[in-house]
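Inspection log for the structure reproduced underneath, given as structure tokens.
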Amino acid sequence: MVNTLGFRFRVSFLGLMVFGVAGFATGQDEPPDYFGTASTNFHYVSAEEFQSNSSDDYLQTQYGFWRCAPAAHLNVVAPLRLPSGALIGGYTVIFNDLDAVDDITVWLSRHWVNVIGAGTSDIGPHYNSSGTPGITSALVNLDPDITISYFNAATLATQSYVFTVAFDCSPDVSFRGVIVHWKRQISPAPAVATFPDVAPSFWAFQEIEALAASEITTGFPDGTFRPTEPVTRAQMATFLARALGLHWAP
């Protein structure tokens with residue numbers, strides 16, 4: 001007996017991957033879908049955003065899939081743009097592989113540069129397609145999770161993050177994009193307290209220090225925070241305006 005429910009689910013899932021990726025994943029230049037530390041954001045880097053040394057070697061097929069022109073090998077790259085402090089747990093690769101021999105390989109790397117020099121290092125495993133699964137997706141887990149940081153204070157290096165896709169250049173192997181799974185997180189608590197009345201042992205120390213570090217709160221003129229005092233409407237308006245970056249455009 002055929003499991004029609006399972007079949008319909010698989011067909012619907014593949015249709016969602018091919019046609020509706022943008023419906024549940026935020027694009028590179030769009031604001032994140034969710035706020036808070038509990039929700040997972042899905043950030044979409046489409047195949048169209050990847051670039052090669054020669055535009056003639058990277059071709060669009062159908063349904064948003066891209067492949068390389070007949071050649072021996074091709075690498076395409078795309079930057080990953082997420083807020084500083086974003087915690088990445090993994091990413092999903094969407095592709096079409098109908099070639100039993102040729103595959104694609106996908107990986108994430110960190111690129112850095114400072115006054116001494118420059119370098120790059122891979123983050124997590126390389127994903128390599130195999131067999132002939134057709135249109136499908138594969139989850140790549142990062143263990144441990146990584147935190148996006150565009151400046152390394154220890155090395156004075158600026159950093160960027162880049163996805164690379166390596167093609168074996170078969171007409172039967174194509175790429176649709178990458179969906180990055182990430183969450184917001186609260187910055188680590190400092191070793192030294194900013195406010196004399198909020199000790200490191202205080203239950204909200206980390207959260208208060210995060211607000212102070214981002215200048216959402218500056219405390220009172222005497223240097224205290226007064227964590228147990230009620231918040232006035234004026235203070236709440238100040239917190240919200242600073243947190244959301246509200247302004248009146250000229």
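Miscellaneous remarks
- Evaluation of residue 143 against (1) charged (D, E, K, R); (2) outside the structural domain of residue 109 (by TED's automatic domain parsing); (3) exposed (fewer than 13 other Cβ atoms within 10 Å of the Cβ) (one fails), failing number: (2)
- Filtering segment 107-117 to residues that are in a strand (DSSP E or B) and among the aliphatic types (A, V, I, L, M) leaves 108, 113.
- In this structure, residue 176 qualifies as surrounded by 13 or more Cβ atoms within 10 Å (Cβ to Cβ), basic (Lys, Arg) and assigned by TED's automatic domain parsing to the domain that holds residue 97.
- Residue check for residue 62: modelled with pLDDT of 75 or more, exposed (fewer than 14 other Cβ atoms within 10 Å of the Cβ) and over 24 Å from residue 130 (Cβ atoms): no
- Every residue from segment 51-65 that is out of contact with any strand residue (DSSP E or B) (no Cβ under 7 Å at 6 or more places or on another chain) and either in a helix (DSSP H, G or I) or touching a residue at least 40 places away in the same chain (Cβ under 8 Å) (or both): 55, 56, 63
- When the residues of segment 196-244 are filtered to those that are of a type in the set (S, T, N, Q) and surrounded by 11 or more Cβ atoms within 10 Å (Cβ to Cβ), the one that is nearest to residue 84 (Cα to Cα) is 214.
- Within segment 89-106, the presence of a residue that is modelled with pLDDT under 90 and over 18 Å from the mean Cα position of the chain (by Cα) is excluded.
- Filtering segment 127-147 to residues that are out of contact with any Asp or Glu (no Cβ under 9 Å at 6 or more places or on another chain) and within 15 Å of residue 179 (Cα to Cα) leaves 127, 137, 138, 139, 140, 141, 142.
- Against the conditions (1) over 17 Å from residue 164 (Cα atoms); (2) part of a helix (DSSP H, G or I); (3) at pLDDT 75 or above, residue 48 satisfies every one except (1).
- Residue ranges of strands (runs of 3 or more DSSP E) in segment 118-231 with at least 2 members closer than 22 Å to residue 45 by Cα and of a type in the set (Lys, Arg): 173-183
- Neighbours by Cβ (under 6 Å, 6+ apart or cross-chain): first from segment 123-138, within 24 Å of residue 88 (Cβ to Cβ); second surrounded by fewer than 17 Cβ atoms within 10 Å (Cβ to Cβ) and not small (Gly, Ala, Ser): 126/105; 128/105
- Residue in segment 209-217 that is within 30 Å of residue 91 (Cβ to Cβ) and touching a helix residue (DSSP H, G or I) at 6+ places or on another chain (Cβ under 7 Å) present: no
- Restricting segment 33-59 to residues that are among the β-branched types (Val, Ile, Thr) and surrounded by 12 or more Cβ atoms within 10 Å (Cβ to Cβ), the residue that is farthest from residue 243 (Cα to Cα): 45
The values are calculated or read from the model by the stated rules, or taken from the named source; none is laboratory data. None of the values given here were measured: they were computed from a predicted structure. Cβ sites come from the backbone with ideal geometry, for glycine too, and all protein chains shown count toward neighbours.
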